[in-house]
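Data block below; observations after.
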Amino acid sequence: MDESADPQKNKRPKWVVASQESEAAARLARELRLPEAIARLLVCRGFETVEAAREFLRPTPDQLHDPYKMLGMRPAVARLREALAKQEPVLIYGDYDADGTVATVLLKTALERAAVAMGVVADVRYHIPHRIREGYGMQDARIEAAALEGVRLVVSVDTGIRAFAAAEEAKRVGLDLIVTDHHLPDGAEGVPEALAVLNPNQPGCGYPYKELCGAGVAFKLAQALLESTTKDDGEQARLREKTLPSFLKLLAIATIADAVPLTGENRTIASIGLVELRKPSQAGLRTLMELAQIDTTRPISATDVGFRLAPRINAAGRMDIASDVVELFLSKDAAAARVLAEKLHRLNDERRATEAEALRAIEAQIDAMAEDAPACFVLDDAEGGSSWHRGVIGILASRVVDRTGRPTLVLTHEDGQAYGSGRSVSGFHLLDALTTVHAQGAEPLFSRFGGHAHAVGFSLPSERVGELRERLVRLAASDQDATHVAEELECDAEVRLSELTAEFLAALEQLGPFGNGNAEPVFVSKGVRLTSALKVIKERHLRLAVEDVADGVRFGGMVWSRRTDWAAMARSEGWAQGDRMDLAYRLRRNWHPDFGGWELDVVAIRAAIPQEE
């Protein structure tokens, strides 16, 4: 699967450093007392003025946008208040991933708090669909059942923007429907007919930030509803200073788990929420963090959430019943919460084992393609004789993208239907691609599909997977961005090891949290000396120690073999102690009590050269 395992096939990319010296960078460094390299990086990322840079570096709740700028907010809040005042049953219709389950928890909590402020008792119910039995999206049968149960208002979270049939069913049975979603609307059909539709991406919506996750949109509704119940400026201040930040700890998890860009309002949410996560007062969250080995005595990073906490939350929907997540976060019984948290922890172990087995089969498929690998992978379990669990196909697609740098769809077959999940790369809009191939034949290709630029979900008849593969590969091959295998390594700033001072590292931490849209900076240091022989770890990775030749400042680090087998490269090139090297790396903080500290996370290494090739 690793196309560059043979060192003879490795292409040496050109290292391109984005940030350069400028008057704007010098001004930021001077007025904000920043290391010059950090100031250059800020300018390169679009923060050229002191005001913009200061706001970026110091996120506060005041940076959250007015929820009433979102189209549909006023009628939505008015209808929720009416339902609470009349004590009507309200159904929250969620989704089975971390985004949808957290959105459900946030909105249910907000409705119940608003009811207390209004002096009434709320009747708030929720439904999280089962991934296998019900599939994605709002189902007509559940809408009809809700009406028979006495529900008069349904609020969707993280779903519904393409639920035209469900909206018609709600109208038929006399239910009001509020849709809150962040997925892209259907360009031809518009939005469903509902009492209110909240989605910053819908036509005509003037909300200034378009990249909220589903829980983010639900939070804006919760924010507006709670603000409507405050009686004076003092209550407003307490809401903004205490209540809303407490909501952001869960919202930060959803935002990071859904991989939406950590820019603008999302970065404010994630930044404040990660700080709040160090105070997990709710029993379920506290236990889950304990099982995920997240240490609340030190800063919590987006990586902690994305790779430790979010997988355990998502495991419920992938492997079993996602409603367990909602129960976990709503439970006030510490013992019951521990039982649920431990179940999620076990399910995550099962998910990892299932994923590993399927990934081996996928690697075999890709290896069999040899030099004929397509511009876009469409991989399914029809050949191997064993079915892949529907709950892990999205993760599998992400793994292939990480290792190959190509857009990928992964499908599994069940009862004549193929269910798929896709992930993409920068420059190839996956939802647009699916929309294009869907309409190319005499009959529509997909039974259903949706998503956004980087991630999609879909289903189609199994016998039509060949058509999907042919159409999508042809489309990707014609798209230069999709077929382009990076010949350049994009770096952020060139620095000397001696510049990596405590002041520099503290300023670097202010640039986080890092993630999609706010990538962790890649630094370049040229001509450093290997102070010891490279040590091979697990046959592929390298541990190194280097020093600045001029002043002897030393750092250790790891060279991780992902798409390039650096251990094989080192053997081929004969790199040895004393050699001068160029490094491209991220900076990592090792929290080990005995040998912790800042280390280099090397993404590329080469023999030192005097100038760019």
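Taken over the stretch 57-70, the criterion of being outside any helix (DSSP H, G or I), within 12 Å of residue 264 (Cα to Cα) and of a type in the set (A, V, I, L, M) is satisfied by 64 alone. All conditions but one from (1) at pLDDT 95 or above; (2) of a type in the set (Gly, Ala, Ser); (3) not in a loop (DSSP other than H, G, I, E, B) apply to residue 237; the one that does not is (1). One residue stands out among those in the stretch 44-56 that are under 21 Å from residue 270 (Cα atoms), among the hydrophobic types (A, V, I, L, M, F, W, C) and buried (at least 16 other Cβ atoms within 10 Å of the Cβ): the one that is nearest to the chain's Cα centre (by Cα), which is 56.
Scanning the stretch 114-123 turns up at least one residue that is acidic (Asp, Glu), in contact (Cβ under 8 Å) with a residue 12 or more places away in the chain and farther than 23 Å from residue 251 by Cβ. Screening residue 526 on (1) surrounded by 18 or more Cβ atoms within 10 Å (Cβ to Cβ); (2) in a loop (DSSP other than H, G, I, E, B); (3) charged (D, E, K, R) shows it passes everything except condition (2).
There is at least one residue in the stretch 446-459 that is touching a Pro at 6+ places or on another chain (Cβ under 9 Å), touching a residue at least 24 places away in the same chain (Cβ under 8 Å) and either within 20 Å of residue 135 (Cα to Cα) or surrounded by fewer than 21 Cβ atoms within 10 Å (Cβ to Cβ) (or both). The criterion of at least 1 residues that are outside the structural domain of residue 163 (by TED's automatic domain parsing) and modelled with pLDDT of 90 or more is met by the following strands (runs of 3 or more DSSP E) wholly inside the stretch 400-472: 408-414, 417-423, 455-461.
What are the residues in the stretch 307-327 that are crowded, with 17+ Cβ neighbours inside 10 Å and under 29 Å from residue 588 (Cα atoms), if any? Selection gives 308, 309, 310, 311, 312, 313, 314, 315.
Evaluation of residue 288 against the conditions (1) more than 25 Å from residue 456 (Cα to Cα); (2) in contact with a Leu (Cβ under 6 Å, 6 or more places away or on another chain); (3) not basic (Lys, Arg) shows that the sole unmet condition is (2). Give the residues of the stretch 96-121 that are part of a loop (DSSP other than H, G, I, E, B) and crowded, with 20+ Cβ neighbours inside 10 Å, sorted by residue number. The answer is 96, 97. Within the stretch 227-256, the residues that satisfy the criterion of being among the aliphatic types (A, V, I, L, M) and crowded, with 23+ Cβ neighbours inside 10 Å are 248, 250, 251, 252, 253, 254, 256. Here residue 578 meets each of (1) touching a Lys or Arg at 6+ places or on another chain (Cβ under 7 Å); (2) surrounded by 17 or more Cβ atoms within 10 Å (Cβ to Cβ) with one exception, condition (2). When every residue of the stretch 503-517 is checked against the conditions, at least one turns out to be in contact with a strand residue (DSSP E or B) (Cβ under 7 Å, 6 or more places away or on another chain), in the same structural domain as residue 35 (by TED's automatic domain parsing), assigned to a helix (DSSP H, G or I) and over 30 Å from residue 407 (Cα atoms). Restricting 476, 533, 545 to residues that are of a type in the set (Gly, Ala, Ser) and in contact with a Gly (Cβ under 8 Å, 6 or more places away or on another chain) narrows the list to 545. Of all the criteria given as (1) more than 20 Å from residue 59 (Cα to Cα); (2) surrounded by fewer than 22 Cβ atoms within 10 Å (Cβ to Cβ), the one not satisfied by residue 299 is (1). The single condition among (1) buried (at least 24 other Cβ atoms within 10 Å of the Cβ); (2) out of contact with any strand residue (DSSP E or B) (no Cβ under 9 Å at 6 or more places or on another chain) that residue 343 does not satisfy is (1). The residue that is farthest from residue 460 (Cα to Cα), counting only those in the stretch 401-420 that are buried (at least 24 other Cβ atoms within 10 Å of the Cβ) and within 19 Å of the chain's Cα centre (by Cα), is 407. Taken as a whole, the stretch 79-95 holds at least one residue that is within 30 Å of residue 143 (Cα to Cα) and at pLDDT below 95. Scanning the stretch 555-613 for residues that are closer than 19 Å to residue 402 by Cβ, modelled with pLDDT of 85 or more and assigned to a strand (DSSP E or B) yields a count of 10. When the residues of the stretch 543-552 are filtered to those that are aliphatic (A, V, I, L, M) and modelled with pLDDT of 95 or more, the one that is nearest to residue 570 (Cα to Cα) is 544. Of the conditions (1) touching a residue at least 40 places away in the same chain (Cβ under 8 Å); (2) touching a helix residue (DSSP H, G or I) at 6+ places or on another chain (Cβ under 8 Å), residue 169 satisfies every one except a single condition; which number is it? Unmet condition: (1). Scanning the stretch 57-95 for residues that are surrounded by 15 or more Cβ atoms within 10 Å (Cβ to Cβ) and without any contact (Cβ under 8 Å) to a residue 60 or more places away in the chain gives a single hit, 84. The residues listed here are 380, 372; of these, the one that is free of Cβ contacts under 8 Å to residues at least 24 places away in the same chain and out of contact with any Gly (no Cβ under 7 Å at 6 or more places or on another chain) is 372.
The values are calculated or read from the model by the stated rules, or taken from the named source; none is laboratory data. Predicted, not measured: the structure shown is a model, and the values here were computed from it. Note that we place each Cβ from the backbone using ideal geometry, even for glycine, and neighbour counts take in every protein chain shown.
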